[in-house]
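Quick one: the structure is below, questions incoming.
The values are calculated or read from the model by the stated rules, or taken from the named source; none is laboratory data. This structure is a prediction, so every number in the text was calculated from the model and none was measured. With ideal geometry, Cβ positions are generated from the backbone for all residues, glycine too; neighbour counts draw on all protein chains shown.
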Amino acid sequence: MNYQVKLDAVEQTNVGIDELTEPLTFPVEAYLSPDYAKAEGDRLWAKVWQHAARVEEIPEVGDFVTYEIGRDSIIIIRTAPDKLKAFHNVCSHRARQLIDTPPGTNGVSGHRKLFVCGFHAWRYDIDGNCTYKHDEFDWKGALTDERTHLQEVRVDTWGGWVFINMDLNAVSLREYLDEAADILDPFQMEKMRYKWRQWVIFDCNWKTAIEAFMEPYHVTGTHSQMLANGDYYAYSAAYGMHGVSGFDVKSEENKAKSASSVMRAGKSGKDPRVSTYELQKEIYDTVNNASTTLTLVNAAKRLVDELPEGTPAPDVIKHWLKRAREDDAARGVEWPDITPEQQGKAGLAWSVFPNMSILQGITFALCYRARPYGDDPNKCIFESYAIERFPEGEEPKTEWVYAEATRDKWGLVLSQDFSNMAAVQRGMHSRAFRGTLPNPHQERKVTNFHRNLADYMGTGGLRLLK
Ligand code: FES
Ligand SMILES: [Fe+2]
């Protein structure tokens, strides 16, 4: 297979959002082609809203963080108690980066009242105005404010995340997030704070990495130990550019008994008082103390003492969540009111186009982000972090920690996911591979992602298998 095709040389086809229910395929160029990887910088990353940081990283005026995406580096800075600004990290004189972003760092943070360029000492205030040009008179008046101002990047926030967009003509962030934001707003994730955050470099494309978290279809093959305590049949659905997955049941008569989110009973057929605890404990122990909370685990542990044998699963869940909510309230953690309908619609995990994954609960979320590593299609920067509600003043202090992809550093479940990354990328390179065959029911988030990606890139669209 010759994947080093010139972009635009291939006739573009794609499907509509309603056709995602059909068996589909798409080519592997997007994972492998150096031309494609280079074009992504201009066609995708320079055009989309993308999650760059959490608001909590820059609480004070003058606090900044850098965000690296491909060849671009962006400075995001708080310029007033209620205002953020973002600029390209480049001096208008002769292009020195204003903030050094050495290899081995994952974003640089700090505090500035002004930026002084390390090359010829030009200065910028935090609003991006160039306030000092050494020997300015030599330019005979040509250095206008407009010519020397830092180049702005759009910035906005949602759910406690800072998003940036390099396209000054893009739609608003809210319009971009659309229904995904409406459905997730009740979770009030802006009130959650980092619990931990880790990053690593993988030998695979950023899409290979983020797609590993778009579907629970891989649980049987990758995390077979999880089948002892839970059922993992999943639906997935597209909401415009974004997508969601949730737990599903294979037979119609069981549908009424199931819950689509992580707030659910464990394995069907077991005593739900026991299986709820076993599932929560397993998740906590093997997903790096994330994807649930200690409050939820401890409240689940008491279910056998607090409820009689034979209590139906929905009543067990109701009791468990009520008790956990009381336990949290006692330590100063308020839960938002989320109706069962809102909870059901929000499902298990969201993909926000292009590279953000949020597995949410009422009091926590486990998130992933994958980004290109320069323009190398066979490498990526991968990050995972947990956010949680903490009593005020008890939020942990965190920073990005580089962590090799081992069980020791990430827990059993994530290290199992990581073991597929390079192997999938290697397989994509096989001359015998004929294009992917995503599951039309359970992996629709993946196909919806490629449907939208193809629209941005002008290549790599989906085709019907039949
Ligand atoms: S490159 Fe910044 S002052 Fe010269
Ligand atoms: Fe997984």
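Taking only the stretch 80-102 into account, find how many residues are surrounded by fewer than 16 Cβ atoms within 10 Å (Cβ to Cβ) and more than 16 Å from ligand 1 (Cβ to nearest atom).
5
Moving to a separate point now. Name the residues in the stretch 440-451 that are more than 16 Å from ligand 2 (Cβ to nearest atom) and buried (at least 22 other Cβ atoms within 10 Å of the Cβ), would you?
Answer for the stretch 440-451, where residues must be more than 16 Å from ligand 2 (Cβ to nearest atom) and buried (at least 22 other Cβ atoms within 10 Å of the Cβ): Arg444, Thr447, Asn448, Phe449, His450, Arg451.
Shifting gears a bit: Please find, among Leu412, Leu437, Leu462, the residue that is more than 28 Å from Glu190 (Cβ to Cβ) and crowded, with 21+ Cβ neighbours inside 10 Å.
Within the list Leu412, Leu437, Leu462, the selection yields Leu462.
Sticking with this structure for a sec: Would you point out the residue of the stretch 325-370, among those that are over 27 Å from the mean Cα position of the chain (by Cα) and among the small types (Gly, Ala, Ser), that is surrounded by the fewest Cβ atoms within 10 Å (Cβ to Cβ)?
Ala330
A further question on this structure: Could you check the stretch 397-429 and list, in sequence order, the residues that are of a type in the set (A, V, I, L, M) and either within 28 Å of Thr66 (Cα to Cα) or within 16 Å of ligand 2 (Cβ to nearest atom) (or both)?
Val401, Ala403, Ala405, Leu412, Val413, Leu414, Met421, Ala422, Ala423, Val424, listed by residue number.
Same structure again: Taking the condition of being within 20 Å of Tyr368 (Cα to Cα) and in contact (Cβ under 8 Å) with a residue 60 or more places away in the chain, how many residues in the stretch 212-225 meet it?
Counting residues in the stretch 212-225 that are within 20 Å of Tyr368 (Cα to Cα) and in contact (Cβ under 8 Å) with a residue 60 or more places away in the chain gives 9.
Sticking with this structure for a sec: Look at Ile358 and say whether it is touching a Gly at 6+ places or on another chain (Cβ under 9 Å), in contact (Cβ under 8 Å) with a residue 60 or more places away in the chain and closer than 29 Å to Leu44 by Cβ.
Here the answer is yes, as Ile358 does meet what is asked.
So Thr105 ticks every box in (1) over 23 Å from Pro59 (Cβ atoms); (2) among the polar types (S, T, N, Q); (3) more than 12 Å from ligand 1 (Cβ to nearest atom) but one. Which box is left unticked?
(1)
Residue-by-condition table, conditions (1) within 16 Å of ligand 2 (Cβ to nearest atom); (2) at pLDDT 95 or above; (3) β-branched (Val, Ile, Thr):
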{"position": "Asp125", "(1), (2), (3)": "no, yes, no"}
{"position": "His149", "(1), (2), (3)": "no, yes, no"}
{"position": "Arg154", "(1), (2), (3)": "no, yes, no"}
{"position": "Trp158", "(1), (2), (3)": "no, yes, no"}
{"position": "Val171", "(1), (2), (3)": "no, yes, yes"}
{"position": "Tyr176", "(1), (2), (3)": "no, yes, no"}
{"position": "Lys195", "(1), (2), (3)": "no, yes, no"}
{"position": "Ile210", "(1), (2), (3)": "yes, yes, yes"}
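While we're on this one: Taking the stated definitions as given, is Ala365 in contact with a strand residue (DSSP E or B) (Cβ under 7 Å, 6 or more places away or on another chain) and not in a strand (DSSP E or B)?
no
Another question, if that's okay. Would you please list the contacts, defined by Cβ atoms under 7 Å and residues six or more apart or on different chains, that run from a residue in the stretch 278-292 that is under 15 Å from Leu359 (Cβ atoms) to a residue that is among the hydrophobic types (A, V, I, L, M, F, W, C) and in a loop (DSSP other than H, G, I, E, B)?
Ser291/Val262; Thr292/Val262
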